[in-house]
Amino acid sequence: MQTEQLIIKSRALRRDILHTVYSAGAGHIGGDLSVCDILNILYNRHMNISPQNWDDPRRDHFVLSKGHCVEALYCVLADVGFFGKEELETVSRFGSKFIGHPSNKVPGIEIASGSLGHGLSAGVGMALALRFKELPARVYVVMGDGELAEGSVWEAAMSAGHYRLGNLIAFVDRNGLQISGPTEEVMSQEPLRARWESFGWKVLEADGNSIEALDAAITQAKAYKIGPVVILADTVKGCGVSFMENRVEWHHRVTTPEEYEAAMRELAEDLINE
């Protein structure tokens with residue numbers, strides 16, 4: 001998919017996310033919108049994961065550690081064909097497999113996640129297993145910046161650096177906000193680059209809401225084979241909807257009918273004609 005198509009795709013995915021959260025009556029919409037571009041470019045350009053190769057041991061692996069933003073992942077998985085888009089209407093409904101955090105009962109999801117701080121540990125284990133089996137696949141892990149306050153993240157980071165896991169690429173969705181306020185006020189993380197480097201990681205920084213910047217960073221990360229890479233993706237919480245952007249109250253909130261219509265109008269231009 002070409003860059004311009006990916007940019008338009010992100011706009012369409014944001015509309016899908018808004019509709020899914022609104023229909024479900026629940027969801028972490030701010031983080032869904034901040035991570036949308038990362039998921040879009042991974043699934044539509046960089047990761048070797050598809051419904052067609054799901055049973056292939058040589059395919060890549062993906063962990064959404066910030067599992068509370070599962071609505072964005074559901075929308076991307078539906079868009080690339082793991083299941084029909086009509087199933088998004090069942091998100092958070094009684095008896096649905098499409099619950100509020102990733103479940104491996106959903107096609108395209110291989111590990112339950114959302115207990116913050118655990119995703120990178122799982123990714124390290126997967127990367128080690130791929131090395132032992134001499135398989136060429138990579139593991140991709142997406143974390144939120146708020147979860148970096150969990151000690152298990154840094155235990156996993158230490159292990160990945162020690163074993164020089166060149167098949168592991170992690171992202172930090174650095175939108176600067178978590179449920180209780182700005183991350184730097186809740187638990188300071190800076191100097192974040194130096195912290196990752198101290199554990200033996202190559203650190204890249206990118207505009208996490210720019211398809212072009214993400215593409216360049218991921219391409220560079222894939223070319224680095226001698227150790228793990230983390231991409232610090234500077235994003236905007238609620239990206240794409242003006243009245244949600246950089247507003248902590250949109251960490252977990254559902255739009256009113258009027259807000260829903262206003263948000264959808266903002267995202268109504270330049271959609272891909274399916």
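Some notes on this structure:
- Close Lys pairs in the chain (alpha-carbon distance under 19 Å; sequence gap of 8 or more, or different chains): 11.
- Residue-averaged [θ]222 nm for the chain, counting only DSSP H segments that reach four residues, each worth -39500 (n - 2.57): -12000 deg cm²/dmol
- Relative contact order of the stretch 95-170, pairs being alpha-carbon contacts under 8 Å that are 6 or more residues apart, as %: 31 percent
- Top of 189, 178, 52 by mean-square fluctuation, Gaussian network on the chain, Cα under 10 Å: 52
- Summing charges over all other residues whose Cβ lies under 11 Å from the Cβ of residue 226, with Lys and Arg as +1 and Asp and Glu as -1, gives +3.
- Solvent-accessible area, 1.4 Å probe, carbon plus sulfur percent, for the chain: 51 percent
- Candidates 152, 198, 50, ranked by Gaussian network fluctuation over the chain, Cα under 10 Å, top entry: 198
- Candidate values [x] 46, 42, 40; [y] 52, 44, 38; [z] 75, 46, 29, label of the one derived for Cα extents along the principal axes in Å: [y]
- Pairwise centroid distance, computed over Cα atoms, of the stretch 125-176 with the stretch 72-95, Å: 26 Å
- When only alpha carbons are used to place a centre, the stretch 7-33 and the stretch 197-274 end up 12 Å from one another.
- Accessible surface, per residue, of the chain when the full set of protein chains is kept, probe 1.4 Å, Å²: 43 Å²
- Between residue 258 and residue 101, the simple label model (points 7 Å from Cα in the Cβ direction) yields a spacing of 3.6 nm.
- Here the label points at residue 220 and residue 129, each 7 Å from Cα along the C-beta direction, are separated by 3.2 nm in the simple model.
- Neighbourhood net charge (12 Å Cβ-Cβ; Lys/Arg +1, Asp/Glu -1) for residue 115: -1
- Choice from 226, 109, 29 showing the highest fluctuation, given a GNM over the chain with Cα pairs closer than 10 Å: 226
- Listed residues 224, 140 arranged by accessible area, highest first, probe 1.4 Å: 224, 140
The values are calculated or read from the model by the stated rules, or taken from the named source; none is laboratory data. From a predicted model like this one, the values you see are computed outputs, not experimental measurements. Quick reminder, even Gly has a Cβ in these numbers, built from the backbone with ideal geometry, and neighbours come from all protein chains shown. Note: areas computed on protein heavy atoms with side chains; ligands, DNA, RNA excluded. Shrake-Rupley method; radii C 1.70, N 1.55, O 1.52, S 1.80 Å.
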